[in-house]
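A quick write-up on the structure given underneath.
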Amino acid sequence: MENLLKFTNKKLKLLEMALEISKDGGTTRPKILDKILKFRKVALIIAYIGAYLSAQWLFDPVNMEVTRISEHSLMPGLVTPKFDKSGIAIQLYRRFSDLPKSKSQQELIHTIFSDLGLECFTHKWRSKVAGNPMNGENVYGFIRGPRNDGAEAQMIVVQLGRSEKSRRMMSRMLAFVDYAKDQVYWARDIVIVFVDGGEKNDSIEKAAFALDAFLLKYQKIEALNSKKSITVEADEIQAQTGALIGGVVYDLSGMAVKGQHIVNIQTNGLNGQQVNLDVFNGITKIADSKHHSRVAIFGTLHRHSNPYMEYSPFIVPMRALYTQAFISIEGIHSVLGKYGVQGLTVGLSHDYSEKQTGQFIEEVSRMLNNVLERLHQSYFMYVLADDLHFSSIAMYIIPLTILVSPLVISAYFEWTKIQEFQFPVVHLAFHVLGFFYYIATTYVFQTIGTTFVLQWMQWPFVGIDGCDGQFTPSWSLINSFLIFFMIPLGPYVFLKEPVRCVPSMRIVCLLETSLVLYGICLTNFGLAILCTAFVVPIVFLMTYESSDRTRSIFRSSVLAILNPISVLAFVAINIPGMFGQLFPTISQDSWLAAAQSIALTAIREDVEFKVNHFFLLCCFGYPIWNMLFACSMRYGPEPQGSLGIFGNGSDDDDGDDDDGPQKTNRGHSTKKNKRE
Amino acid sequence: MRILTSYLLLSILSSCHGLSENFDEKLTLSPVSKNELRVDFRFNSEREFNRKTESGDYLTFPRIIQELLSRYSVRKLTVTMAHGRWNLIGWGLPPQPSSPTGAQVFAEFEADQQEDADERMKFLVEALNGVLCTSISHINVITSPEFIVLKNHGGETSVHKRYGVLSGETTCTENLTRLRKLLACKENGISTLLHPSKLYNSVYHSSHLVVEQQCDKDQCNSKMEVGVSVVMRNPSQKTQRHWSLADVFERKLGSQCKVARSSKIHVIGTTGEITTTDVKNLTTINGEEPFELYIPITDISMKQSVVKAWSSQGGFEQKHGVLTVHITNDESASEIHVSQIIPYYVHLRYSKINWKCDKNGVPRIEKIFKNSKSLEAPTLLQYKMKLSAGQTCELTIPFDKQLLRLEQYPPDANHGMHIPAASVYIQKSTSTYTIHSNAILVLLPVPDFSMPFNVICFVATAFALVFGPIQLYSTLWLAPVVKKSQWGRKIHRAILLAIIAFCLYAHMMDINLNEIRRGIETYFEKLNELK
């Protein structure tokens, strides 16, 4: 009976119990991760092979996506061009040619616009950047679409100049203006800007700056931010139209070979921005179907349409990546993206007749006139292989992921070993120092110039040559920057004050590098992939554990040479033969001149156009390079209790003979040691 | 003759009930340049009647309009529709009432409460959609503008005013057809020249309907004006000394409007002289011998100087932007009233709104801000000031763009949304008129699903959120545990349920966070008052 009662009570208790979901298997690490860690030593080689093979497959035009027009309203086939003012273009060309030196082109354009009954204004601008002073005068006019309400507009840009090509382009554009003003179908106004780029070699950069000054005022950036621009001083815009939907820069940089016209198209903007692929496609289709012209991108024709040269299918994608990475101002259009305008440069064939040029411009303008919504349908992140094929971000990100994977695997390996994570304060200090270099250098370039002196009289303690309180001779900004930037501060700091927790430093270095590279990839794939190709092996090898002192000294010495600027100078000197010159002004045989040119270009573009190369160099390149010394100099196991302790038997599994924590027994507390 | 007799009989019958109706039509042709011709059609109907003795007969006045006036107690109504941009410099003073691009409605109601007027406006807009074949249901309506917006809607304070603009509305032949149906003579007289394909193939087109009703006790007077204004470019498409009506309208005037009290065609000459042709007096006009008129190709020498206004926008980001309204006075001092409607999808930065003027600096400004009360109501900014001759002023309005709810975006969300044109009412010692600036297009932040990268991110996130718990719970096992005190859990669950219920309620009732915040603030204020 008692048993029965006990049994009943037990049953009742069981009934009172609730069911709760519990985890099965505890918190054991998935086995697959341990298997991946086994490949850590050969991860770099596997990654390189994998990235190469995947890139070869992805960047072969056969495997790429075929370009298509996503926005149906852009279909250029719907437009029948009717431009017929060739005579006007020829007359205007004569007027430009006969222009006396006492009269500027700006005045002539203003007169022509007034004769046509259109609004036209001049726009004077001046660079406030002390390191690169320049000034100029743009001219801009409007073709108002009579049946629209002026809420939207498209932009056409032409560079002023006295060369034959410039005169031809300007006269043809003005003939188009004469034609377009009489058309009633404009759903958008047209803003025509003649930018003043001067006559020198750097005219493209100056013209881009001139366009930047115009857009700064047109988009009312100063009114929006309630503060004046620190780089440019310019006249206010006297008349305006609506939101800019797209912009096209025209020149006659295209050519004709044996009667075959070649149109040269440039698409790269600042910081890896690219024009919406629909605009590129539309113009390519117009060139092909309406004018039977070939399209050259990055100065290269489609290899199948080029009967004069046989070259690798990878040459255009490689040039695309290289140009995107390092050529910030590819053309005047490059600054359009900074102001939210989808723009590119169309280099029309210089053998085009006046009529053909006018009709080409008409077709492109009417194509942009038809856009129903702002350009968003197609791709912004792509790599072109030719005028028909491209690879999108979804595809080209694969080789980068493979290349970065050794760093992530190494970081994970370190994480499995580490027992206590200590954030290295010196990591923060190096970033602050890098940021200080960035701020100080750009400040001096912006306000003082390329040479500066130290002064006592007033804050800030830098000034121009001959200022009150000068107590040092004048120094070159570029050389000073190079000295500070290229002296490896890491060895001194880490010898003086060794890092207590090297595995933590390794993890931070590896993860930061991976994140920075991946972050850059989302905006500028060319820069990311090229940096990855150089940076990943350096970071991987320098953060690898070492028990050998000689090896540590050797690799630290190599690291000291592999300063980011040194690597860039090496690339700049050695690659031009293949891709074209990186910095046109540098002398090819001087390493120092290359370094100076790189630094000057990076600083100038940062200050003038907000190109982020210099920022990345100072705020990430410099700190990571210095912090790597903490990992590369380290050899043997770290003192016990202060650094990583193997949490499990993974060290046994990976068969790492070089690690030697067990062998050297200099403080590494392994699981094996614990057992002992 | 038979028709005339029947009209006469009707008139006699009508006069017995105290009813009198008149219809006038007028066409004005004025070259504004050697290549452009301005054409103004004006059709005016008038009806006097006694409320008590009215028999419900309508001769020339459209019955539907009278019903609108009576049903919604409308004192005055102005509806305009325009397409294109009025060139203030080249063409001078715009046709009055001035029309911004798109549609505009101004109504004055007799009502006891503001709410009644709001409701009547809502129904009136829907009724207008039917009468004029428009689609202006989502018009941004403003409650009672204080300063004058349109010339014909003056400072009368005893009525409830409602004003709205819809910049994106397009006008087409359908609207013209419906306007034509309101006329007493639809097939005869000047209305035969309302040839849609010619009128809409122009550089500027605007049409308006102005209705007014005034009653003195039971005796009422209703007026209606239907107007169409067009600027055509080189209508003849050939070089000649004169343009004919056939060149301009591709039609000739082949008949008279018998019921019209007056029917006139004015041609403005070089020096502003007016040549009038009274169509009623033409005896020969019929289908076989149509009337023809020649307009001299000329540029008007006496262009009237007008105040100029234009709007522009700054900022290209998806976060914020700035709207600037520029106003330049003409050669004499003027008092101006500036009204700017700001729709709900942008939020103003009130502290940053400012005026900048040249010459004598910023004059004394009276301003009125009317904040939006409901979720989708716009904000109204109104300013009144006196400008000296030739003075230019600039109103800068910074704003933040809003990320809207999914259902608030139009189908072509990436096209952007309009901020209506500013209305500028000008008062001079000799004349008053209204002009409008241009509308601006604001590109709002839109989640863009056309980019594969975005799709990957969204799909991966959704997949992780959905698949994660499924995978987790399908790999767990159930273990029995002894039931313990579950009060804490119950409270926790109750709180969670309450939050979910509140969220659902807020969603269903379209309550936004600001309203909740305001509600909490009001609640706390009440608590403080209790202390």
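Can you tell me how many residues within segment B:64-114 are outside any loop (DSSP other than H, G, I, E, B), within 19 Å of B:SER144 (Cα to Cα) and not aliphatic (A, V, I, L, M)?
9
Is it the case, given these coordinates, that A:THR28 is modelled with pLDDT under 75, open to solvent by 80 Å² or more (accessible area, probe 1.4 Å) and of a type outside the set (Phe, Trp, Tyr)?
Yes: the conditions hold for A:THR28.
Run down A:ILE109, A:ILE90, A:ILE143 and say which single residue is more than 14 Å from chain B (Cβ to nearest Cβ) and buried (at least 24 other Cβ atoms within 10 Å of the Cβ).
A:ILE109
Looking at B:VAL149, B:VAL231, B:VAL211, B:VAL165, which is the one that is in a loop (DSSP other than H, G, I, E, B) and in contact (Cβ under 8 Å) with a residue 60 or more places away in the chain?
Exactly one of B:VAL149, B:VAL231, B:VAL211, B:VAL165 is in a loop (DSSP other than H, G, I, E, B) and in contact (Cβ under 8 Å) with a residue 60 or more places away in the chain, namely B:VAL149.
Quick one: which residue in B:LYS264, B:LYS223, B:LYS217, B:LYS258 is among the basic types (Lys, Arg) and under 22 Å from the mean Cα position of the chain (by Cα)?
Among B:LYS264, B:LYS223, B:LYS217, B:LYS258, only B:LYS223 is among the basic types (Lys, Arg) and under 22 Å from the mean Cα position of the chain (by Cα).
Which residue out of A:GLY150, A:GLY145, A:GLY197, A:GLY141 is touching a strand residue (DSSP E or B) at 6+ places or on another chain (Cβ under 8 Å) and on the phi > 0 side of the Ramachandran plot?
On the way: A:GLY145 fails: on the phi > 0 side of the Ramachandran plot; A:GLY197 fails: on the phi > 0 side of the Ramachandran plot; A:GLY141 fails: on the phi > 0 side of the Ramachandran plot.
Step by step, each of A:GLY150, A:GLY145, A:GLY197, A:GLY141 is checked, and only A:GLY150 is touching a strand residue (DSSP E or B) at 6+ places or on another chain (Cβ under 8 Å) and on the phi > 0 side of the Ramachandran plot.
So which residues in segment A:323-338 are touching a helix residue (DSSP H, G or I) at 6+ places or on another chain (Cβ under 6 Å) and either open to solvent by less than 10 Å² (accessible area, probe 1.4 Å) or aliphatic (A, V, I, L, M) (or both), if there are any at all?
A:ALA325, A:SER328, A:ILE329, A:ILE332, A:SER334, A:VAL335 - these are the residues of segment A:323-338 that are touching a helix residue (DSSP H, G or I) at 6+ places or on another chain (Cβ under 6 Å) and either open to solvent by less than 10 Å² (accessible area, probe 1.4 Å) or aliphatic (A, V, I, L, M) (or both).
Can you tell which of B:LYS217, B:LYS186, B:LYS223 is at pLDDT 85 or above, open to solvent by 10 Å² or more (accessible area, probe 1.4 Å) and more than 30 Å from B:SER33 (Cβ to Cβ)?
B:LYS223
Closer than 27 Å to A:ARG366 by Cβ and part of a strand (DSSP E or B): which single residue out of A:PHE121, A:PHE83, A:PHE96 fits that description? Outline the logic, then answer.
On the way: A:PHE83 fails: part of a strand (DSSP E or B); A:PHE96 fails: part of a strand (DSSP E or B).
Only one candidate passes the filter, namely A:PHE121.
Suppose we filter B:ALA111, B:ALA82 for residues that are of a type in the set (A, V, I, L, M) and either free of Cβ contacts under 8 Å to residues at least 40 places away in the same chain or farther than 30 Å from A:ASP189 by Cβ (or both); which single one remains?
B:ALA111
If a residue counts only when it is modelled with pLDDT of 75 or more, in the same structural domain as B:ARG85 (by the TED database) and open to solvent by 70 Å² or more (accessible area, probe 1.4 Å), which strands (runs of 3 or more DSSP E) contained entirely in segment B:271-377 have at least 2 such residues?
Answer list for segment B:271-377: B:274-278.
Yes or no, residue by residue, for (1) open to solvent by less than 10 Å² (accessible area, probe 1.4 Å); (2) at pLDDT 90 or above:
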position	(1), (2)
A:LEU384	yes, no
A:ASP387	no, no
A:TYR396	yes, no
A:PHE430	yes, yes
A:TYR437	no, yes
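Kindly indicate the residue of segment B:186-214 that is closer than 24 Å to B:LEU68 by Cβ and hydrophobic (A, V, I, L, M, F, W, C) and also farthest from the chain's Cα centre (by Cα) among those meeting that condition.
Residue satisfying both the conditions and the ranking: B:LEU194.
Among the candidates A:GLY331, A:GLY340, which residue alone is of a type in the set (Gly, Ala, Ser) and more than 14 Å from every other protein chain (Cβ to nearest Cβ)?
A:GLY331
Look through segment A:365-413, keep the residues that are within 13 Å of another protein chain (Cβ to nearest Cβ) and touching a Lys or Arg at 6+ places or on another chain (Cβ under 9 Å), and return whichever of them is nearest to A:GLU545 (Cα to Cα).
Only one residue tops the list, namely A:SER378.
Of the residues that sit in segment B:396-414 and are within 14 Å of chain A (Cβ to nearest Cβ) and under 19 Å from B:ILE342 (Cβ atoms), which one is surrounded by the most Cβ atoms within 10 Å (Cβ to Cβ)?
B:PRO398
Of the residues B:ARG85, B:ARG71, B:ARG75, which is of a type in the set (Lys, Arg) and surrounded by fewer than 18 Cβ atoms within 10 Å (Cβ to Cβ)?
Result of the check over B:ARG85, B:ARG71, B:ARG75: B:ARG71.
Can you tell me which residues in segment A:128-144 are assigned to a loop (DSSP other than H, G, I, E, B) and either under 13 Å from A:VAL195 (Cβ atoms) or among the β-branched types (Val, Ile, Thr) (or both)? Quick ask: steps written out before the conclusion?
Of the residues in segment A:128-144, the ones assigned to a loop (DSSP other than H, G, I, E, B) are A:128-134, A:144.
Across segment A:128-144, the qualifying residues are A:VAL129, A:MET134.
The values are calculated or read from the model by the stated rules, or taken from the named source; none is laboratory data. None of these values were measured; they are calculated from a predicted model. Because the Cβ atoms are built from the backbone with ideal geometry, glycine has one as well, and the counts that use them run over all protein chains shown. The accessibility values were calculated without ligands, DNA or RNA, using every heavy atom of the protein model including side chains. Shrake-Rupley method; radii C 1.70, N 1.55, O 1.52, S 1.80 Å.
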